[in-house]
Every structure is written in C-alpha cells, then in structure tokens.
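**Q** One structure, as structure tokens, below. Some questions next.
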Amino acid sequence: GKWAATLAKQPATSLALQHFDATYSGQLGELWPSIRVALLSEKKYGALFNNFSHESTLAQLEAQGCRDFISDTGTEAQPSEVAVEEESNCVSIKKSDIDGQLLSPLQLSPHIKCLVFPRGDITRFKPARPDMYGLLGYYLMDAASVLPVLALDVQEGHSVLDLCAAPGGKTLALLQTQSIGFLCVNDSSVSRTLRLRRVLRSFVPKQLLTDEKLHISSLDGTKWGEVESNTFDRVLVDVPCTTDRHSVTEDDNNIFSKSRTGERRRLPQLQLELLLAGIEAACPGGEILYSTCTLSQIQNQSVVEQAIFLAQENHGIRLQVVDLKPLPHMFRKTFHFAPNLHLGEMVIPHLAANFGPIYMCKLRRLS
Amino acid sequence: TLQSMQHNHKVSTSSRKPDTELPLQSLLDMGFTDTQAERVYDTMSKLKGGSAAKHALSTLTALFVLGLNPSSVLKLLEKCPELYTVQDSQLQQRLSNLRKLGLVEGSLQRLVAHYPQILIVPVKTIKNVVLFLREKCLFTVQQVKDILRESPAIVVENTDQLEYKFQYVYFRMGVKQATMAKYKLFRFTLDEVRHRHCFLERRGLYQTPDKRGQTVIINPKLDTILNVDQDTFLADVAKASAEEYDVFKRLMAREWQEQEPQLGSIEAD
Ligand SMILES: C[S@@+](CC[C@H](N)C(=O)[O-])C[C@H]1O[C@@H](n2cnc3c(N)ncnc32)[C@H](O)[C@@H]1O
C-alpha cells in the first residue's frame, strides 16, 4: 500500500529532478551525477559573521573547527603561478595565465567574514545567540551566496541597490562591509520584505538602519529603471530562479508543481527584465552583479548575454563583462567551480563541499 | 622472585585439567595430533562454568560423522566453542532439520565448517526464519535452501530488520526473489545495501522500476552493486570518488538516525 502510493504520485520534487536530468546531463556532462547527489543530500552552511554583534567571538567559532574561508585563501597556491596579496582587510589577487598575461586584479568587498567547516566535515552550526542588545552573532546561509557580494566590491561611500533582497542574507553581507554610503533594499514580495526587516533588526544596530542610510521598498524591480536611473555605484540583481536545490528537496512552495508551470516558463524573461532594470539603475562607471542559485544556462549565461545586447540596443548602454576568473582560484579550497564557463562563474555542489549552486556574472557600465 | 613465579606458572599450566572427561588418548584416537589436542583443550577452557564442556565427546563425534577432518573440526570449535554445551539429542535434531531443508551431506558439511553457529541455534528459530522467507517473502524451497547455505547468519538476524531489508530491495530496488537468492543479498547488512543503492540512486544511476517493471535507464545488476569491493564499486559502477562516498555514508547515517523513530517502534513490538 505505502509503496504503491509513493510510486503513483508525481511530486514536484521528482518533476524537478526529471527536468534537471534531461537538461543538465547534457549541459554539465560527467559533472552532473556528482552535482545531483550533492543537491539531494544535506547542504552545508556558512556562518556570516556579524561585525555588529558583541556575542560569539570569532575565536569561539574557530574553536569548534570552522574558519573564515575568505581570509583563508591561497595557502596551497603554487608561487610560480599565482601571487596573492593581502592588504589590510582588502583582498586582491593577481594571476598570470599560461601566456604570462596579467589578469586585472580583482577587488573584493572588505570586512566580510564567513565561517565554514572544512572540506568533508559535516558538523552543523548551532543557532546563533543574541548579545546584550539582542543582536545575533552570525547569520547561517549558503557560504557560496557570499561570493556575489564579495565580487560586487563595495567601496567607501558607495550608493548600493539590492534589487531582489529578501530574506536579506546578501543585504546583511553588504552591510558588513561598513563602507556603504546609502543602501536601497527592494523586494516585490511584501511578506518577504517584512521578513527582511526582521532579519535586519536582529543583526544590525538601529543607528545604521535610519532613513539617511537605508531605504526599504516593495516594488516590482523590473520597473525600477523608470523610477530612478543612472544612480547607483553598485547594483546587486539576485533574481528569482528555479532554486535548484530547493526544487529537488522540498515539495512545499515548489516552482515545478504543475500549477506553477507558467510562472516557471516566464522566469528567464523576468530575470532579463530585472537585470536590465538593474543596469539602468547603475550610474555610468557603476557595476552590476547578476546572480542566481540555479545551474541553468538559460537562466544564467543566456540572460546576461541578452541583457548586454538589449541594453545597447534599447538604451544605448554599453557594458563590459568584469572577469571573475580569480575567484575560483582564490576559493578553490572551499568551493567547487564549474570549469570553462564562457560567461561568469558558478559554484557547483559537491558532497565534500556541499555549497551552491550559485551563478554570478559582473558587468561594468561604460556609458 | 621471578624464578618462583615462573615455577608457579609452569605448575599451574601443566596441572590445568580441562573440565571434561575427555582424555588425551581419545583425542589422539580421533586423529588429532598432540598440538591439535592441546588446542582442543584450549577451546574448551574458553567456556565459562564448571561442567560447560560436558558434551565434548558427543559433539566431536557428531562433527566427525559429518565427514569433517580434525583440522576443520578444530577450526570450527575455535570459532564456536559453545558447541560443547549442546546435548547430543539436540545436535542430532538440528542436523536432521537442516537435512530436511535440503542441505545434504556435502553442503551440510561446508555449512557447518563455515558457520558452526548454525548448530547452536534452536530448531524453532530456524523454522521461523524459513517460514518468514517462504510466507512473507515468497522465496521457493530451493531459494530458501540456497539462502541458508550462502548466508547462514540470516538465522540470527532480527526478523523485523530482515523484513525491512527484503522490502527495501524488492520495492525500492525492484529486485525479484530469484536474484536476491542468487546474488547472496542476505550476506550484506541493510546499511551496506542502502548506502550503495542510495548513492547510485541519487547520482541518477538507479531507478525504481514502475508497475510494469520498467525504468528509463538501465539499472546496474544487484551482483555488480554488492559483490564487489568498495573501490571497484566506486570505479566501475558509481563512477565517483572515495571522498564523495565517505561523506555520503556519514550524511546517510545521520539522515537515517534522525528518522529512526518509525523503525524503532517496529522493533519494540
Ligand atoms: C533569490 S531571492 C533573493 C535572496 C536574497 N538576495 C538573499 O540573499 O537573501 C529572489 C527574490 O526576488 C523577489 N522577486 C521576485 N520577483 C521580483 C520582482 N519582479 N521585483 C523584485 N523582486 C522580485 C522574490 O520575492 C525573492 O525574494
């Protein structure tokens, strides 16, 4: 009875898996089985360290065996190939490729710390505790989600837009840099924006959440360009996607359920519109980071390609792709990266380092 | 002094008398060499309690009647000295029960040599296992015989666990009784089976067949999943690294432990 019943139904998670088997085995080839088993097994977390909390010092976390993966780079680097420079809290990397050409150094946002247990270690984090002001010591999230924020490279006094921000993990990481001049946080979902407010209140002191420093809205991000364009130094466009890991493990709120087919099919179009809105919102010279948590080429590279084309075509905006190649090298101890992506970088899940998937691509607005 | 201690030790060794009325000469008569006979006494002394080895003579006799030679008799007694405690009548009942199940001379002899513990298990226990295999799992008489011959330790397994293992392989893996018997499923623990199967399944290399027994991909054979060492399994079947499989097994152990309550309550009945 029990056995037959589970066979007869087609839960959304198996629809998702069927879909991924069909598309990703072609796209990812031999990598797919390893990614598949990782997606279906318990994921790893990272503890985004909260610089504003007086609770749980770094030392306490490190005593449990975890380490900040961001400052823990390059210890195994071959000196002939790579030179890693660390200046105060600002990490930059110069990497010479095979031809001896220098890749432009990649600047990363400072002050962000994210702790992870070592490769192959499946220890879980304890829930964070509040300090005497009620602020929590760390925020548990996919450690790979910190990479888009790092790569965004927020600098002193920057105005920053987080276009699809809820529940706020990346917003929190952005705030850890303590260098933002003005931050706009948006998410079209009202309930999720409320959740984001609660998150911010649990991690960030009130004096940093004032109207002069922070603005929270619940607008349709695709319309942002009409309201406020050519404004922001940095824009994070962390779009809704097929959330691959969630889709193969949770039947609740699953985008592969039959009733949401239309919504799922419209995702690439929505993603494109959000990215274009983010591009318009950036000032000339400003930088935009597009990110997703799917492996799908159609939602990743294709969206970026089309956005670059349409930005030029419809708005006369020229864009340059910023090379993120140094990332996979710097963080190879912590993450597995997809090899040979022609556009952007992608963390792929692996049982020994079960983070991601996270895709990211960085654009610089030239005009 | 050291000397007197050595002296004492020597005295106590040579004066050690096994708790049996079995004189050295009878052992030599049975074909044991001197050293083998010494070791036979050692196996007896492993048993606790005064008259523990009182059925030694009848046990040895029964084993020789089965056609086992002195060295295999010695080896199996080293594995299972409890055999000395079994009454001759019980031993004969158990042997004749095994014969009735189709384990005749050659295979009976090999079974006893390989798994002597089979003779300390009550006839009733074995009958229950056989009943379970026949009626709950629908194995044929011939298959039951093969299972007992190839995986005799099944007789001491918890039947709830056995049932779970059988259902897992039958329903989740879609494997039929003949294949289970042929490829010695019951030699493997539930965890060994589940680890390998789940690993393959999550990698997309194994599918539960539908009602008509069909799958989109071709499943690897039970034989190539179970009857190979881990390196071969990883290299040829799973095409994965040892690191992945190691992490996977630890994750599974935690996953199963956290959903254990249901299985635990079955055991409690
Ligand atoms: C991947 S999640 C963002 C996760 C978030 N950046 C974080 O790190 O916690 C995508 C978000 O996009 C929001 N969203 C969906 N459609 C949107 C739209 N048209 N405009 C703005 N936000 C939208 C969803 O409500 C969802 O919260």
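**Q** Going Cα to Cα from B:Lys48, which lysines come in below 25 Å? Please leave out same-chain ones fewer than 8 positions away.
**A** Reachable lysines: B:Lys10, B:Lys17, B:Lys75, B:Lys79.
**Q** Counting Lys and Arg as +1 and Asp and Glu as -1, each charge on the Cβ, what is the dipole of the protein assembly as shown about the Cα centre in debye, to the nearest 20?
**A** The calculated dipole for the protein assembly as shown is roughly 2340 debye.
**Q** If amide H atoms are built 1.01 Å from N in the plane of the peptide, which residues on other chains or at least 5 residues away come under 5 Å of the amide H of A:His350?
**A** For A:His350, the qualifying residues are A:Phe355.
**Q** Related question: Once every DSSP H run of n ≥ 4 in the protein assembly as shown is given -39500 (n - 2.57) and the sum is divided by its residues, what mean residue ellipticity at 222 nm do you get, rounded to the nearest 500 deg cm²/dmol?
**A** -12500 deg cm²/dmol
**Q** Follow-up. Hey, if you put +1 on the Cβ of every Lys and Arg and -1 on every Asp and Glu Cβ in region A:264-367, which of A:Ala353, A:Leu275, A:His336 ends up farthest toward the positive end of that dipole?
**A** Farthest along the dipole direction, towards plus: A:Ala353.
**Q** Suppose a student asked you for the relative contact order of chain B, using Cα pairs under 8 Å spaced at least 6 residues apart; what percent would you report?
**A** Values: 225 pairs, mean separation 29.0, N = 269.
Worked out over chain B, it gives 11 percent.
**Q** Ok, one more. Based on the mean of other Cβ atoms within 10 Å per residue, sort peptides A:294-305, A:26-37, B:232-243 so the most packed one is first. Please list the in-between numbers first.
**A** On the way: A:294-305: 21.7, A:26-37: 17.8, B:232-243: 15.9.
Top of the packing list down: A:294-305, A:26-37, B:232-243.
**Q** Mind checking A:19-27 for the average number of partner chain beta-carbons within 10 Å of each residue's beta-carbon?
**A** 1
**Q** Give the order of A:Met132, B:Met252 when sorted by the count of other beta carbons within 10 angstrom, beginning with the fewest.
**A** Fewest-to-most Cβ neighbours within 10 Å comes out as A:Met132, B:Met252.
**Q** Evaluate the distance, in nm, between pseudo-label points positioned 7 Å from the Cα of A:Leu219 and of A:Gln10 along their respective Cα→Cβ axes.
**A** 4.1 nm
**Q** Now for a separate question. Might you report the magnitude of the Cβ-based charge dipole of region B:14-116 about its Cα centre, with Lys and Arg at +1 and Asp and Glu at -1, to the nearest 20 debye?
**A** Once rounded to the nearest 20, the dipole reads 360 debye.
**Q** For a quick check of your reading of the filter: which trypsin sites (Lys or Arg not before Pro) in region A:279-367 sit in a DSSP loop and have no more than 13 other Cβ atoms within 10 Å?
**A** Those that pass, being in a loop and sparsely packed, are A:Arg318.
**Q** Please get the size of the charge dipole for chain A, origin at its Cα centre, with Cβ charges of +1 on Lys and Arg and -1 on Asp and Glu, quoted in debye to the nearest 20.
**A** Details: 36 positive and 40 negative charges, 239 e Å.
For this selection, approximately 1140 debye.
**Q** Now, a different point. Using a cut-off of 20 Å between alpha-carbon atoms, which aspartates and glutamates can reach A:Lys126, once sequence neighbours fewer than 8 places away in the same chain are excluded?
**A** Here the aspartates and glutamates satisfying the reach criterion relative to A:Lys126 are A:Glu42, A:Glu55, A:Glu62, A:Asp68, A:Asp142, B:Glu255, B:Glu258.
**Q** Here's a follow-up. How high is the relative contact order of region B:14-116, given as a whole-number percent (alpha carbon pairs under 8 Å, six or more residues apart)?
**A** Working: 91 pairs, mean separation 29.5, N = 103.
Computed over region B:14-116, the figure is 29 percent.
**Q** Here is a follow-up. Let me check against my output: what whole-number percent is the relative contact order of chain A, with C-alpha pairs under 8 Å and at least 6 apart?
**A** So the answer I get is 20 percent.
**Q** Can I ask one more? In nm, to one decimal, how far is the B:Glu192 label point from the A:Ser179 one, both placed 7 Å along Cα→Cβ?
**A** Computed distance between label sites B:Glu192 and A:Ser179 equals 5.8 nm.
**Q** Between region B:147-166 and region A:229-290, what is the separation of their alpha carbon centroids in Å?
**A** 53 Å
**Q** Less than 10 Å Cβ to Cβ from A:Ser53, Lys/Arg counted +1 and Asp/Glu -1: what total charge do the surrounding residues give? Present the calculation step by step, with values, prior to reporting the outcome.
**A** Details: positive: A:Arg129; negative: A:Glu55, A:Asp131.
Neighbourhood net charge equals -1.
**Q** Using the 10 angstrom Cβ neighbour count as an exposure proxy, how do A:Ile112, A:Ile180, B:Ile120 rank, fewest first?
**A** The most exposed by this proxy come first: B:Ile120, A:Ile180, A:Ile112.
**Q** Can you sort A:Cys241, B:Cys137 from fewest to most other Cβ atoms within 10 Å of each residue's own Cβ?
**A** B:Cys137, A:Cys241
**Q** Partner chain Cβ atoms within 10 Å, averaged over the residues of B:198-211 - can you pull that number for me?
**A** 4
**Q** Counting only other chains, and only Cβ atoms inside 10 Å, what mean value do you get across the residues of A:38-47?
**A** Values: counts 6, 1, 5, 9, 6, 0, 0, 0, 0, 0.
The shielding value for this peptide is 3.
**Q** Considering the options B:Ser96, A:Ile255, A:Leu310, tell which one lies farthest towards the positive end of the dipole of the protein assembly as shown, charges being +1 on Lys and Arg and -1 on Asp and Glu at the Cβ, about the Cα centre.
**A** Of the candidates, B:Ser96 comes out farthest on the positive side.
**Q** Please give the peptides B:100-109, B:196-205 ranked by average Cβ packing (other Cβ atoms within 10 Å per residue), highest first, as a rough proxy for protection.
**A** B:196-205, B:100-109
All of the numbers you see were taken from the coordinates with simple rules; none came from a lab. Everything numeric in this text was worked out from a predicted model, so none of it was measured. Here the Cβ is made from the backbone with ideal geometry for all residues, glycine too, and neighbour counts use every protein chain on show.
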